[in-house]
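These notes are about the structure you will find just below.
The values are calculated or read from the model by the stated rules, or taken from the named source; none is laboratory data. Quantities reported herein were computed from a predicted structural model and do not represent experimental measurements. As a convention, Cβ positions derive from the backbone with ideal geometry for all residues, glycine included, and neighbour counts pool all protein chains shown. When the accessible area is computed, the model is the full protein with side chains, heavy atoms only, and any ligands, DNA or RNA have been set aside. Shrake-Rupley method; radii C 1.70, N 1.55, O 1.52, S 1.80 Å.
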Amino acid sequence: MLPDDLVRMSTQIAQFFEPYPLEEAVAGVEEHLVKFWDPSMRSELFAIRRAAAPALHPLVAQAVDHLLA
């Protein structure tokens with residue numbers, strides 16, 4: 001999948017969770033990525049995060065960082 005598509009899709013997830021308190025929002029994004037994204041999609045998103053380009057929504061970045069830890 002193209003990086004721009006993954007960024008767009010992950011941003012849509014993050015936008016859904018924006019009204020939630022920060023910890024709940026990050027947890028919601030993380031849970032969605034684990035439950036509904038194929039491992040290969042998550043791996044590509046991790047690579048995008050490591051490269052820092054294109055930029056990820058802050059909630060996605062925090063969720064990915066937590067998954068990578």
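Observations on the model:
- Computed with a 1.4 Å probe over protein heavy atoms only, the accessible surface of the chain comes to 61 Å² per residue.
- A simple packing score, the average count of other Cβ atoms within 10 Å per residue, orders the peptides 26-34, 48-56, 4-12 as 26-34, 4-12, 48-56, with the highest score first.
- Candidate values (1) 31, 16, 10; (2) 26, 14, 8; (3) 17, 12, 11, label of the one derived for semi-axes √(5λ) of the Cα gyration tensor in Å: (3)
- For the chain, the carbon plus sulfur part of the accessible surface works out to 59%, probe radius 1.4 Å.
- Each label was represented as a point 7 Å from its Cα along the Cα-to-Cβ direction; for LEU22 and ALA51 these points are 2.9 nm apart.
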